[in-house]
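**Q** Sharing a structure, written as structure tokens. Questions coming.
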Amino acid sequence: MSERDDVDRMLGEWGWSDYDLDLRQMAVSKRISLLARHLERLAVDTLAPFGLDPGEFEVLAILLRSGPAHELSPSALNRWLMISGGGLTKRLVRLEDRALVARRLDPGDRRSLLVALTPAGVDLGERAVHAHSAATADVIDRVGPEAREQLSALLRDLLLAQDGPGTPDPVDPVDPVKRADAVTS
């Protein structure tokens, strides 16, 4: 067995109890929770020099990865963000006030809006994505490439078991038809 961590010590503390607990699942969930908190703190620390919080960064990153014209409908953005419409509006207002995004009427449906990165948004977004990616890689790559791929596959399986396999991709970078549909929806 490898080194003991805080979760091993916490699970050992349950040894006194008569509870009929299967601690194996608790060990997995606790490690995922602790790692998620660590990665959230890392994101806050990495993005602060760019004047971004993780939520604002998410908006910029989604628009960046959508490809040129870096533009999506609010509903397409929200499929990735999974926040309330009001929460998205607050993020967009903050980014718009800093001239990082702009909203305009969708020429294909004048009742709808599109959100696009401005040139300043593209520049800041690219710099923030590189910094965040490097910081995250520094943490994740410590286990080595084989373990990283195995961990990624296991976490994918766990997420698919929760969400189900039929979850559609809001923006598929490989399929330009899906991309065009997502941009105009």
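The values are calculated or read from the model by the stated rules, or taken from the named source; none is laboratory data. Model, not experiment: these values are computed from the prediction. Glycine gets a Cβ as well: all are built from the backbone with ideal geometry, and neighbour counts include every protein chain shown.
**Q** Got at least one residue in region 38-51 being among the aliphatic types (A, V, I, L, M), more than 19 Å from the chain's Cα centre (by Cα) and closer than 23 Å to residue 148 by Cβ?
**A** no
**Q** State the number of residues belonging to region 124-177 that are among the acidic types (Asp, Glu), farther than 19 Å from residue 54 by Cβ and at pLDDT 90 or above.
**A** Summing the residues that are among the acidic types (Asp, Glu), farther than 19 Å from residue 54 by Cβ and at pLDDT 90 or above in region 124-177 gives 4.
**Q** Can you pull out every residue in region 100-115 that is without any contact (Cβ under 8 Å) to a residue 60 or more places away in the chain and either more than 30 Å from residue 50 (Cα to Cα) or surrounded by fewer than 12 Cβ atoms within 10 Å (Cβ to Cβ) (or both)?
**A** Of everything in region 100-115, those that are without any contact (Cβ under 8 Å) to a residue 60 or more places away in the chain and either more than 30 Å from residue 50 (Cα to Cα) or surrounded by fewer than 12 Cβ atoms within 10 Å (Cβ to Cβ) (or both) turn out to be 104, 105, 107, 110, 111, 112.
**Q** Let me ask something additional. How many residues are of a type outside the set (A, V, I, L, M) and modelled with pLDDT of 95 or more when one looks only at region 92-123?
**A** Residues that pass the stated criteria total 8.
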